[in-house]
Amino acid sequence: YSSMAEMEDLRGQLDAAGQAHVLGGWGQLDAQQQQQLRADIQAMDWQYVARIFKSSMAANQGESRNTVKLAPCSDVLTLQAQTGGELQWRRHGMQLIAQGKVAILLLAGGQGTRLGSDLPKGCYDIGLPSHKSLFQLQAERVLRLQELATEELSAHLTVPPSGPAKPLRWVIMTSPFTHEDTLSFFREHAFFGLLESQITFFQQGSLPCMDETGRAIMDTVSSLAKAPDGNGGVYMSLHNSGVLSMLQQEGVEALDCYCVDNALARLGDPLFVGYCHSHSAEVGARVVAKAYPEEKVGVFAVREGATCVVEYSEMPPGQSEAVDPVTQQLLYNWSNICMHYFSLAWIQQVLEHLRKGAAYHVANKKIPSKDGPVQGIKLELFIFDPFSVAQRVCLVEVERAAQFAPVKNAPGTPVDSPDSARAAVLALGAAWVREAGGQVASPGVEVSP
């Protein structure tokens, strides 16, 4: 083994974090196994793992968050309220995009398992007439938005821009399960007409699975049992991969974030980013009104003075159906659709908050181990967990029919399936044609971005 000093360093890190047992069988491993285990150990920040385990277990055993009083969000920019400043915000958003001050962040760590596919979800074809994959639909929207922003820049800027419009930066978070397949798919399709240099791929992190005392579980004699750290791992992964510092150096000020399985994702929506940026938002979220009171969705609320997302299962009894006597609207009406705006300065604050040892969610699971399945713990963070760190949050209502068609369930399922998403894309296309004065004979039409 090349460096005894490096080995001692690893041993020291594990000892300090109470994980000395991980190297217990080191002497019995062959060179290849030693290399694998060393890579697993080096991939973890053991002090960080120890801090979050401690705070997560304390939060999990402490008072339930459900007992903390919730209040509804009052300041949502509704569709009705958008008519006044729409043009101005949209123009501001286009300018930010053309100047390279906004980048698009795609969360694409999921596989299409529920859809009957082993490939990344983004490779999935929802059955449109063009048979374009989700990745292709989204890439073409990036390309079109870039063209529109360039046109807007030359048409409306009174001062000449400092050089030509910048390509719109697209950063894509994959997972260990989807990374290689995603890269291959983009290469096979020549990056869908985008420049290879404007797309950056980085991987979601993972955390060790642990027993209830915090000891890491061994999957085999030469590997740790690991689990993805949740979509909230995106903040640490942006930092650890070097993507965050790259964006900062390029002058990017904010990210527009969405999930790969939304077939109607209007990524980088200039009205949304323009509104958030002009209000100095740290966090923004596009929201849709709940379809009906019992809809099983997370909703935005205020807890201890901070904006948060409350999962359907966490809502106190009766609150999901509660109605505002004045407006006759549901009190908790605004659904989270995972379409967010983050200022880069706020992401830096989140990193500080996490490093202090933020509480992750604790999931008790059976974990496969070298000694057979054992009871263990997986820690995960949701992307909205750190929203409480933000002082300035903008919530903007969008039309469900125009911006939200999730592809989560198997084909043939009536809701949130390839079938319902395809119908939504075709219905929106038909609406555009009618708005432009055309007629549509079929139930819908696919309009290329």
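The values are calculated or read from the model by the stated rules, or taken from the named source; none is laboratory data. On a predicted model such as this, the values are computed, not experimentally measured, just so you know. Backbone-built Cβ (ideal geometry, glycine too); neighbour counts: all protein chains shown. What goes into the accessible areas is simple: the full protein's heavy atoms, side chains included, and nothing from ligands, DNA or RNA. Shrake-Rupley method; radii C 1.70, N 1.55, O 1.52, S 1.80 Å.
Quick notes on this one:
- When each of Lys356/Lys378; Lys54/Lys365; Lys54/Lys356; Lys121/Lys166; Lys226/Lys365 is checked by Cα-Cα distance, pairs over 22 Å: Lys121/Lys166
- Percent RCO, i.e. relative contact order, over the chain, from Cα pairs under 8 Å lying at least 6 residues apart: 22
- Residues considered: Pro208, Pro228, Pro373. Largest GNM mean-square fluctuation over the chain, using C-alpha springs under 10 Å, is found at Pro373.
- Label zone at Lys69, where the point sits 7 Å out along the Cα-to-Cβ direction: region 293-315 residues whose backbone N lies under 11 Å: 304-305
- Ser241 accessible area, assembled protein chains, probe 1.4 Å, Å²: 60
- Over region 1-106, the fraction of Cα-Cα pairs per 5 Å bin, rounded to whole percents and listed from the shortest bin up, is 2, 8, 11, 10, 8, 7, 7, 9, 11, 9, 7, 6, 3, 1, 0.
- Charge sum, other residues only, whose C-beta stays under 10 Å from Ser222's C-beta, Lys/Arg counted +1 and Asp/Glu -1: -1
- Taking all protein chains together and rolling a 1.4 Å probe, Asp75 ends up with roughly 110 Å² accessible.
- Placing unit charges on each Cβ (+1 for Lys and Arg, -1 for Asp and Glu) gives region 110-152 a dipole about its Cα centre, and among Cys123, Leu134, Gly112 the Cα reaching farthest toward its positive end belongs to Gly112.
- Under the Debye formula (equal points on every Cα, no solvent term), log10 I(q)/I(0) of region 277-401 at q = 0.10, 0.21 Å⁻¹: -0.41, -1.24
- List Ser197, Ser133, ordered by accessible area with a 1.4 Å probe, largest first: Ser197, Ser133
- Euclidean distance between Cα centres, region 1-47 to region 385-449, Å: 49
- List Asp371, Asp9, ordered by accessible area with a 1.4 Å probe, largest first: Asp371, Asp9
- CD proxy at 222 nm, helix term only [per DSSP H run n ≥ 4: -39500 (n - 2.57); per residue of the chain; nearest 500]: -10000 deg cm²/dmol
- Accessible carbon and sulfur surface of the chain relative to its total accessible area, %, 1.4 Å: 52
- Against the rule of thumb 2.2 N^0.38 Å, how large the Cα Rg of region 397-449 comes out: 1.20
- Between Gly318, Gly18, Gly110, the Gaussian network model of the chain with springs among Cα atoms under 10 angstrom shows the greatest mean-square fluctuation at Gly318.
- Per residue, the accessible area of region 300-405 comes to 45 Å² when a 1.4 Å probe rolls over the protein heavy atoms.
- Debye log10 I(q)/I(0) at q = 0.07, 0.10 Å⁻¹ for the chain, Cα point scatterers: -0.39, -0.80
- Calculated FRET efficiency for the pair Ala20/Lys365, C-beta based, R₀ 22 Å, to 0.05: 0.35
- Rolling a 1.4 Å probe over the protein chains gives Glu188 an accessible area of about 140 Å².
- Rh (Kirkwood; distinct C-alpha pairs) - region 187-302, Å: 18.3
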